[in-house]
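One structure, pasted below without further comment.
The values are calculated or read from the model by the stated rules, or taken from the named source; none is laboratory data. In this text, all values refer to a predicted model and were calculated from it rather than measured experimentally. Using ideal geometry, Cβ is built from the backbone for each residue, glycine included, and neighbour counts are taken over all protein chains shown. With ligands, DNA and RNA removed, areas are computed over all heavy atoms of the protein, side chains included. Shrake-Rupley method; radii C 1.70, N 1.55, O 1.52, S 1.80 Å.
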Amino acid sequence: MAGFLERMFGRAPKQGTGITAKERLQFILVHDRINLPPERLEMMKKEILEVISKYVEVDGSGIDIALQKRQRDSLLVAEIPFSRPSEGFDQDEDEDSAQAEDKP
Amino acid sequence: MGAKVITITSGKGGVGKTTTTANLGISLARMDQKVVVIDADIGLRNLDIVMGLENRIVYDLVDIIEGRCKLRQALIKHKLFPELYLIPAAQTRDKTAVSPADMIQLTDQMRQEFDYILIDSPAGIERGFRNAVAPADEVLIVTNPEVSAVRDADRVIGLLEAENKKAPRLILNRAKVEQIRKGEMLSAEDVTDILAIKLIGIVPEDDQVVPSSNSGVPITLNDNSRAGQAFRNIARRLMGEDVPFMTLDEPTSLLKRLGRLFAGGKGN
């Protein structure tokens, strides 16, 4: 029914190259606006991680650094989870006990 | 303050800046506004020919600025509207013959006498563009639903932001209803989403636009044209009227759409 109504009122469907154009533009314009092409952003990410890794251990699998836009402003949003600290307690032991507790 | 100075620009060439300027000028004049349209594309004069005034040029924009004529002498009166004037671009000079300060001074001289001063900007983002936007109270960005035109529009919007200009408004020109319906073309909603500026008009693709330029009679003088109607609506919005956007689907009747629905099914 919704599809029927949409076709009746001529709404643009979510298929075809129109949506591709929109997605490509949305991606590249965020980079254009701050004059930082995608490849250079990758280089910057690597450097940021290198710097952070000098001070703390980083959990490589959970890293998410990306450009976002809010209206016409761009921002760099980074989610960089730390690895669990390994000093103090014996890490293996600690993890084993945590897992044991999680089990029903 | 008097006149409102409105610059029509785009970044990319060939999207319809001159057609838009001509049609908005005429639409405003039809509503009894005193209007002057300025061709700021020095070296590539064409607003005159689109408006059918090419045979009346004696002096041009650079002649005024360099003092070879009085401002009044370079104002070309439109054939149909005695309160619509054109200042043509110089044909044999380049953009450096004029500075942004010159444009501000020129428009300031005319503000008292007119209601609207429309400036047809050249394509690009260099000197000619800077000349055209310097005196603007408001900027209209013309774009087409194509990746290249939208990207250039975004660049221009960014430059205007950097100059602390009031947020420009968008004219989506040459929208093809059928292609948008099939999802093969960016819709007005898509483009405003991407550019994050307000829309002031959607002009549908219209086969009559080229013939009307051919004859020097802008499309908005044709009361049956959908593109002409779109330009008249934009002019009314410029004057502060709240005009609803045309639904682009209008010319196909309900019956036709029903037919398409049952004939085409989901393949549409």
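Somewhere in the range B:224-235, is a residue surrounded by fewer than 18 Cβ atoms within 10 Å (Cβ to Cβ), within 27 Å of B:V50 (Cα to Cα) and over 14 Å from the mean Cα position of the chain (by Cα)?
Yes: one or more hits.
Before we move on, is B:G67 open to solvent by less than 30 Å² (accessible area, probe 1.4 Å) and at positive phi?
no
Please go through the range B:125-140 and pick out each residue that is farther than 12 Å from B:A40 by Cα and open to solvent by 20 Å² or more (accessible area, probe 1.4 Å).
B:I125, B:E126, B:D137 - these are the residues of the range B:125-140 that are farther than 12 Å from B:A40 by Cα and open to solvent by 20 Å² or more (accessible area, probe 1.4 Å).
I'd like the residue in the range A:46-72 that is under 26 Å from B:A167 (Cβ atoms) and in contact with a helix residue (DSSP H, G or I) (Cβ under 6 Å, 6 or more places away or on another chain) and, out of all such residues, is nearest to the other protein chains (Cβ to nearest Cβ). Reasoning before the result, please.
Just the residues of the range A:46-72 that are under 26 Å from B:A167 (Cβ atoms), to begin with: A:67-72.
Going one step further and asking which of them are in contact with a helix residue (DSSP H, G or I) (Cβ under 6 Å, 6 or more places away or on another chain), we end up with A:67, A:69.
Working: A:L67: 15, A:K69: 8 Å.
Only one residue fits best here, namely A:K69.
Test of understanding: among B:K165, B:K176, which residue is within 21 Å of B:N23 (Cβ to Cβ) and touching a residue at least 24 places away in the same chain (Cβ under 8 Å)?
The conditions single out B:K176.
For residues that are among the hydroxyl-bearing types (S, T, Y) and in a helix (DSSP H, G or I), scanning just the range A:40-92, find the one that is modelled with the lowest pLDDT.
So the residue we want is A:S61.
Restricting to the range B:194-210, and then to whatever is open to solvent by 70 Å² or more (accessible area, probe 1.4 Å) and among the charged types (D, E, K, R), can you tell me which residue is nearest to B:P145 (Cα to Cα)?
B:K198
Could you check how many residues of the range B:160-219 are within 11 Å of chain A (Cβ to nearest Cβ), among the charged types (D, E, K, R) and under 24 Å from A:D73 (Cβ atoms)?
Summing the residues that are within 11 Å of chain A (Cβ to nearest Cβ), among the charged types (D, E, K, R) and under 24 Å from A:D73 (Cβ atoms) in the range B:160-219 gives 4.
Please work out if B:L186 is in contact (Cβ under 8 Å) with a residue 12 or more places away in the chain and either assigned to a strand (DSSP E or B) or within 25 Å of A:T17 (Cβ to Cβ) (or both).
Here the answer is yes, as B:L186 does meet what is asked.
If we keep just the residues of the range A:9-39 that are polar (S, T, N, Q) and assigned to a loop (DSSP other than H, G, I, E, B), which is modelled with the highest pLDDT? Before you say what the answer is, go through the steps one by one.
As a first pass, look at the range A:9-39 and keep what is polar (S, T, N, Q): A:15, A:17, A:20, A:26, A:35.
Add one more test, that the residue is assigned to a loop (DSSP other than H, G, I, E, B), and what stays is A:15, A:35.
Details: A:Q15: 78, A:N35: 93.
So, considering only residues that are polar (S, T, N, Q) and assigned to a loop (DSSP other than H, G, I, E, B), the one modelled with the highest pLDDT is A:N35.
Moving to a separate point now. Within the range A:24-45, take every residue that is basic (K, R) and more than 7 Å from every other protein chain (Cβ to nearest Cβ) and give me the one that is nearest to A:I63 (Cα to Cα).
A:K45
Could you tell me how many of the residues in the range B:83-123 are over 15 Å from B:I42 (Cβ atoms) and either open to solvent by less than 50 Å² (accessible area, probe 1.4 Å) or part of a loop (DSSP other than H, G, I, E, B) (or both)?
Of the residues in that region, 13 qualify.
Looking at the range B:6-40, which of its residues are in contact with a strand residue (DSSP E or B) (Cβ under 7 Å, 6 or more places away or on another chain) and open to solvent by 20 Å² or more (accessible area, probe 1.4 Å)?
B:T18, B:Q33
Considering each residue of the range B:141-180, count those that are open to solvent by 10 Å² or more (accessible area, probe 1.4 Å) and in a helix (DSSP H, G or I), and give that number.
13
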